[in-house]
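The values are calculated or read from the model by the stated rules, or taken from the named source; none is laboratory data. None of these values were measured; they are calculated from a predicted model. Note that we place each Cβ from the backbone using ideal geometry, even for glycine, and neighbour counts take in every protein chain shown. Only protein heavy atoms, including side chains, enter the accessible area calculation; ligands, DNA and RNA are left aside. Shrake-Rupley method; radii C 1.70, N 1.55, O 1.52, S 1.80 Å.
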Amino acid sequence: MPREIELSGRCVIRVIAWLALAGPGALAAQQANQPQPALAASAKRPQVCLVLSGGGARGAAHVGVLKALEEMRIPIDCIAGTSMGSIVGGSYASGTSIADMEATIATMSTRLLFKDQPPREERAIRLKRDDQTNLAAPEIGLRDGQFLLPMGVVSGIQLETVLRRLSKVHGFRRFDELPIPFRAVATDLVTGKPVVLRQGELASAMRASMSVPAAIDPVPLDGHLLVDGGLTNNLPVDVARAMGADIVIAVNLGTPLLKASGLTSVLGVTGQMVNILTDQNVQASLAGLKPSDILVLPQLGDYSAVDFDHMPQTVPLGYSAVRAVADLLSRLSVPQADYDSWNIRRQSGASPALQVAVDEIRFDNLQRVNPAIARSVMETQPGVPLEQETLDKDMRRLFGTGDFEHVNYRLLEEPGRRILAIDAVEKSWGPNFLRAGLGLSSDFNGDAFFNVLGSFRKTWLNSLGAEWRTDLQFGRTNRVATEFYQPLEASQSFFIAPSIEYERRPLDVFLANERVAQYEIHALRGSLELGFQSKKFGQIRLGLTAAEMQTTLDTGSPILEQTESRSNYAGFTLRSVVDQLDSGSFPRSGYAMSLNATSARASLGSDADFSRADFTGNYVMSFGEHTFNLAAKAGRRFGSSTLPAPFYFQWGGLLQQSGYRTGALMGEELQFARIFYYNRLARFSFLDGVYGGVSLEVGRVGRPLIPNNEQGTLRSAALLLGVDTPLGPLYLGYGRADRGYNSLYLYLGRP
């Protein structure tokens, strides 16, 4: 038998039944003091409990079951559910209407539920910069010489947001106090035993019951490490008996095994494993049904447990399954007036807990992360009434810091105080993280490039959140860079960042669209920057920098004044970025801006005085599947001093004056504007989609490196097909310039 975290609620139910028999006055007096189940058992009516099995995405059929039971006027006195059955059952028990459940299900998709990141707008600005590189591999932990991986493919943060939307109650609750008493069944990953959840935060209980092993992170709860309850008790008939059920309506979705064609993803394989393990415990539950019980068997055909993209289609199948046994259920029907009274109490019987203010926001059990810094991420404040939408955003922002593998909250009552307890679980594979990536490009004209990237971060080196990051790159460009980021106070608004970098890269020189020379640049740079940042919007850095550069002719004619030169540069830098795009690959809304300025001063030891600055802006808006991406870039030198060749603006390539070869345009001035229209042509379960688009571009490159090279206004256009892949965006494009140049482009990574 499953063990319950608290004693059975049978006594409470019987007392309520006695009060109902004692008369309306006694029942009203009792309800004035505490929430009650919507309809108690009486001498004329048995206690009816609904048991909803797990079944992954197939569990949306439970909504159809509830819709049919409502039409037949059958009130439910208690609900026990596992996995998806716990989500539908818990939502209904808390007072959520069928219409609201159907509306939420209509918005669900595999990609939404199993997307491991919160909305990009909520992510920390320091992590967004990875989107401008080709770092795409999963994050791997490194500790004590061992490589560590997360316990699930995804954390479940998006799933929890959906569950809080489905739940009508928030904060710590005894599930006997819901409008309909409720139980969720999970599995203890350590002991392998079923655990019946009868109190706590409802969304957390539902989330624990549906944590598919290896796919979704386990949930630490009340000393247990919990995963999907389907592994041990997928159809919890025995739990309903313990709640006092006289009659059980058991809804079994079945556990059909996937065909070989369905075993094409991690979710598919994991779902198959869960189906195999659940079959035996379901058979044991079915054997425990009595003749008076009613079994409902939705015929779900080929609908898969992992197909969250077509959940609404299974709702009518659950409805039909109830109608198929309507003759058995009809004896449980009550008069319309009685049912309406029950349903009104069900939908309004539990008062929301988020209408109150809290006295304290508490982070428990943090080992590395400073609680004061974690609190500074949140908009919710003590003394201010809680708002569900704000709290959900706070959870996403906390998760977006990159420090936690799981974030949730509870409301606790202490003598004279109300506490908002944040359950923020630090990454078990941290605090040191590795990521890798790959970039490929070709213009089908003899130029094919690749770059292999790696990044290593050591986080929380002190209580203010210091981080040491090292980046490596090999391929067309070789680069190693290391930076120490040190916040100066708890809000992390101000920071200092010393860094050092070595880079070897080619500098291609073109005449029109033909390469005439290639130089090799070796650069060693060091800088010290003082910065200010808004956690998610952007940051600005002001710094001192020094660099030693060597330029050597590799192939072609000597275009520069000296074929080989070594120079020292020192001066000031200003770097600023604002980023509120919703995607780093194919954004559909938002904006981004950046400003970079360099001023080398002889007074600081530079071999030359020069100044240059560039600004980039991006604004994206969508109408349905139609997206317009507007971009502009402007750069120029300041003063009369000519820029050294490595500091020229280099432009050209896909979406950067398409039709020209990559980097074909070089000058001391640059003006560029682009309107890029794209349409999402197709969607996939785990990918953002396939896009087709067209770009119209206009620009000018002033004071070119080679005199009189490509002067005047440049016009170009591009056709593009793009796919969001696990390794980064993949682009195939064709560009044509008005001067007769054209190019094909293939990119893995960002142009």
Probe 1.4 Å, all chains present, heavy atoms only: residue 615 accessible area in Å², nearest 10, is 90 Å²
Among 498, 298, 751 the positive-end extreme of the charge dipole of the chain (Cβ point charges) = 298
Mind pulling the angle between the C-alpha long axis of helix 10-22 and the longest principal axis of the chain? Nearest 10 degrees, somewhere in 0 to 90.
-> 60 degrees
If you rank 595, 148 by how much accessible surface each has, with a 1.4 Å probe, what is the order from largest down?
-> 595, 148
Residues listed by number, the range 67-85, amide nitrogen under 17 Å from residue 333 label point at 7 Å toward C-beta = 67-76
From the cross-link list 128/633; 67/193; 458/536; 128/427; 168/535, the entries with a Cα-Cα span beyond 26 Å are 67/193; 168/535
Probe 1.4 Å, heavy atoms of protein chains only: per residue, the accessible area of the chain in Å² is 41 Å²
Using 0.36 nm per residue, how much length does the chain from residue 449 to residue 149 gain when fully extended, once their Cα-Cα distance is taken away?
-> 104.9 nm
Exposure of residue 496 as accessible area (Å², to 10), given a probe of 1.4 Å and all protein chains = 60 Å²
In vacuo Debye sum over C-alpha of the range 481-568, base-10 log of normalised intensity I(q)/I(0) at q = 0.13 Å⁻¹, listed in q order, is -0.61
If each K or R counts +1 and each D or E counts -1, the residues other than residue 75 whose Cβ falls under 12 Å of its Cβ total 0
The range 149-227: GluC sites (Glu not before Pro) in DSSP loop, at most 10 other beta carbons within 10 Å | none
Using the scaling law 2.2 N^0.38 Å as the reference, what is the normalised Cα Rg of the range 645-751?
-> 1.17
May I ask you to derive the FRET efficiency for residue 199 and residue 530 from their Cβ-Cβ distance with R0 = 51 Å, giving the value to the nearest 0.05?
-> 0.55
Can you find, among 442, 573, 372, the residue farthest towards the positive end of the dipole of the chain? Put +1 on the C-beta of Lys and Arg, -1 on that of Asp and Glu.
-> 372
Cα-based helix-to-principal-axis angle, 266-287 vs the chain, degrees rounded to 10 | 10 degrees
What area, in nm² and to one decimal, does the C-alpha convex hull of the range 553-605 cast on average over all directions?
-> 6.8 nm²
With everything on Cα atoms, drop me the angle between helix 24-33 and the longest principal axis of the chain, reported from 0 to 90° to the nearest 10.
-> 30 degrees
Expected vector for the range 478-487, Karplus 3J(HN,Hα) from phi with 6.51, -1.76, 1.60 and θ = phi - 60°, integer Hz, x for Gly and Pro, equals 9, 8, 9, 9, 9, 9, 10, 9, 10, x
How long are the three semi-axes of the equivalent ellipsoid of the range 655-718, in whole Å, if each is the root of 5 times an eigenvalue of the C-alpha gyration tensor, listed from largest down?
-> 32, 11, 8
Would you mind checking which residues have amide H under 5 Å from residue 201's amide H? H placed 1.01 Å from N; only 5 or more apart, or other chain.
-> 173
Give the calculated FRET efficiency between residue 684 and residue 132 to the nearest 0.05, with a Förster radius of 22 Å applied to their Cβ-Cβ distance.
-> 0.40
Is the range 76-232 rounded, prolate or oblate when judged by the Cα gyration tensor, a ≥ b ≥ c being the square roots of its eigenvalues, rounded requiring a/c under 1.5 and prolate requiring a/b larger than b/c?
-> oblate
Note down the accessible area of residue 121, probe 1.4 Å, to the nearest 10 Å².
-> 50 Å²
Rotationally averaged projected area of the range 532-650 (alpha carbon convex hull; nm²) | 10.2 nm²
Kirkwood-based shape ratio for the range 370-507, expressed as Rg/Rh from alpha carbons | 1.14
With a Cα-only, solvent-free Debye model of the range 306-443, what are the log10 I(q)/I(0) values at q = 0.12, 0.19 Å⁻¹?
-> -0.80, -1.09
Dividing the alpha-carbon radius of gyration of the range 466-525 by 2.2 N^0.38 Å, where N counts its residues, gives 1.66
Dipole of the range 132-260, positive direction: furthest Cα of 230, 220, 182, with charges on the beta-carbon | 182
Cβ under 9 Å from residue 669's Cβ, residue 669 left aside: what net charge do those residues give with Lys, Arg +1 and Asp, Glu -1?
-> +3
In debye, nearest 20, what is the charge dipole magnitude of the chain about its Cα centre with +1 on Lys and Arg Cβ and -1 on Asp and Glu Cβ, if you could check?
-> 480 debye
Of the accessible area of the chain, with the probe set at 1.4 angstrom, what percent is carbon plus sulfur?
-> 58 percent
Residue 609 to residue 99: FRET efficiency via 1/(1 + (r/R0)^6), r the Cβ-Cβ distance, R0 51 Å, to the nearest 0.05?
-> 0.15
What is the magnitude of the charge dipole of the range 520-602 about its Cα centre, with +1 placed on the Cβ of each Lys and Arg, -1 on the Cβ of each Asp and Glu, and no other charges, expressed in debye to the nearest 20?
-> 520 debye
